[in-house]
Every structure is written in C-alpha cells, then in structure tokens.
Amino acid sequence: MLQTTKIGAVMKNNVEPILRARSLPTEVASRLRIAIDRGDFAPSGKLPSQEQLAKTYGVSRPVIREALSLLKSDGLIITHQGRGQFINPEGSSVFRLEADISDQHDLMDLFDFLLSVEVSATELAAERRSDEELLAIGRSLKALETAIKNHEPGVKEDMEFHQAILRASHNDYYITFGDFLDNQVRRMIRTARTNTAQQSGLVHEVQQEHDAIYRAICARDRARARDAAANHLINAARRLRLGQAKAPT
C-alpha cells in the first residue's frame with residue numbers, strides 16, 4: 001500500500017492508493033483535481049515538483065507529466081517557465097466526465113445522464129433529419145453489421161452510428177457534446193462491446209436495437225425514436241453489468 005507522504009507540509013490529507021484498473025495519468029490527474037479543490041496545496045498555488053508528486057502517488061515521472069498535461073489542457077494549472085507548475089487562480093470551466101465503470105452506482109448515474117442526452121437527440125433526429133443524413137445513419141449501421149460479420153468489436157462503427165444521429169438532430173450543443181462523449185466514454189463503450197462480442201446472441205440483440213432506432217428515424221416517428229434510444233441505453237447498461245459479473249476476479 002502507498003504510504004502517506006507529506007511534501008513540505010503542502011499536502012494536508014492522506015493519499016489513497018491508486019487503483020491500477022484505471023489509466024494511471026487519468027487517475028493521478030483526478031486525485032490532483034480533488035486536492036486542488038480541497039485547498040491542499042500551499043497558498044502560493046505552486047504545485048510540488050514532478051519528483052515529489054511521483055513519490056507521493058507512487059508512480060513514475062512520465063505518468064506525472066502526462067497527468068499535469070491533462071490538468072493544463074483543462075486550464076486548471078498554468079506553467080511559468082523556469083518556476084514550475086501553478087494552480088490557475090481563475091480556475092477551470094472545463095466539464096469533466098470520469099465514470100468509474102467498476103462502481104455500479106457511478107455506472108447507473110452515467111447511464112441516467114446519457115439517457116437525457118441520447119434520447120432527446122434521437123427524438124430530434126427523427127423530426128429534423130435530412131435524406132442525406134438518413135443515408136449517413138444507414139451507412140454507419142451497415143458498417144457496424146460488416147464489423148460484426150467479421151467478428152470485430154465494432155467500437156468505431158458504433159460511435160459513428162450514434163454521432164450520425166446526433167448530427168441529424170441539427171442541435172449544435174448535442175453535436176459538440178457528442179464529440180466530448182466520444183472521447184470520454186469510448187473506454188466504456190469498448191468494454192461493453194467486447195463483452196457483447198463474446199456472446200453471439202447479444203451481438204444480434206444490440207444490432208436489432210440499432211435497427212429499431214434507424215427505422216424510427218426513417219419513419220420520422222419521434223415517439224418510436226425516443227423509446228428505441230431509451231431501450232438501447234437501458235439494455236447497454238444491463239449488458240455492461242452482465243460482462244462485469246462474468247469477468248474473472
């Protein structure tokens with residue numbers, strides 16, 4: 001277990017051991033965000049050196065560098081050349097979505113949130129889609145079918161199918177947020193599709209759900225599109241839980 005370490009009395013709270021199931025840089029960045037929010041660092045706002053942080057969190061310096069890069073891209077920290085890393089006094093307005101899919105409560109909260117986005121966007125797509133956009137959705141669905149036939153996970157094709165639907169909503173906020181979800185939730189989607197790919201029955205179940213969404217959008221039936229999208233996400237959560245339950249411990 002990682003020993004509690006204080007760096008020049010800068011860190012006020014104990015440092016919990018990092019779970020290796022998550023990306024180490026992402027986990028360290030998350031821990032640092034929490035520490036910054038709690039006010040665990042010196043009033044000067046200067047972060048400890050990379051060497052000190054590496055010792056505190058029990059990871060290598062390259063991991064710390066990547067974690068700091070994540071925080072910098074969020075605008076949470078700033079670099080003063082030759083002086084080190086400092087907490088941005090203006091704070092960060094970047095929205096973060098870091099789901100721990102091993103936590104059932106967190107997983108269900110995430111899917112509740114995704115329902116509010118995907119279902120509404122799919123309903124709008126059924127009403128607003130153009131013929132060209134419908135063709136794009138259909139092409140993505142066909143590409144996903146091809147991936148399944150080739151015994152591939154189809155993560156990329158799955159994401160493209162849902163992105164095509166978001167674009168057909170003609171709502172810039174849904175489209176932009178969809179790009180964000182693509183980056184943040186891709187690992188979860190990959191896990192779910194990998195679990196599904198191991199069971200042929202589930203693969204066809206998922207594709208039937210996608211087909212139901214497509215047909216509702218094709219018919220411009222908002223109610224059917226909404227119900228089909230909700231059914232797909234609810235079942236996706238179930239399949240992800242099922243895969244976790246069967247995973248070796």
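Each row is one residue, and each column tells you yes or no for (1) at pLDDT 85 or above; (2) open to solvent by 30 Å² or more (accessible area, probe 1.4 Å); (3) farther than 18 Å from Asn88 by Cβ; (4) in a loop (DSSP other than H, G, I, E, B).
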residue	(1), (2), (3), (4)
Pro25	yes, no, yes, no
Pro43	no, yes, no, yes
Thr56	yes, no, yes, no
Ala67	yes, no, no, no
*asked:* Just to check your reading of the model, which residue among Ala192, Ala245 is modelled with pLDDT under 70, in a helix (DSSP H, G or I) and not assigned by the TED database to the domain that holds Ala121?
replied: Ala245
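Might you check whether a residue that is hydroxyl-bearing (Ser, Thr, Tyr), at pLDDT 95 or above and open to solvent by 20 Å² or more (accessible area, probe 1.4 Å) occurs anywhere in segment 121-143?
Going through segment 121-143, the residues hydroxyl-bearing (Ser, Thr, Tyr) turn out to be 122, 130, 140.
Now restrict to residues that are at pLDDT 95 or above: 122, 130, 140.
From what's left, open to solvent by 20 Å² or more (accessible area, probe 1.4 Å): 130.
Within segment 121-143, one or more residues are hydroxyl-bearing (Ser, Thr, Tyr), at pLDDT 95 or above and open to solvent by 20 Å² or more (accessible area, probe 1.4 Å).
The values are calculated or read from the model by the stated rules, or taken from the named source; none is laboratory data. Everything numeric here is computed off the predicted structure, so don't read it as measured data. Note that each Cβ is placed from the backbone with ideal geometry, even for glycine, and that neighbours are counted across all protein chains shown. Surface accessibility is based on the protein's heavy atoms, side chains included, excluding ligands, DNA and RNA. Shrake-Rupley method; radii C 1.70, N 1.55, O 1.52, S 1.80 Å.
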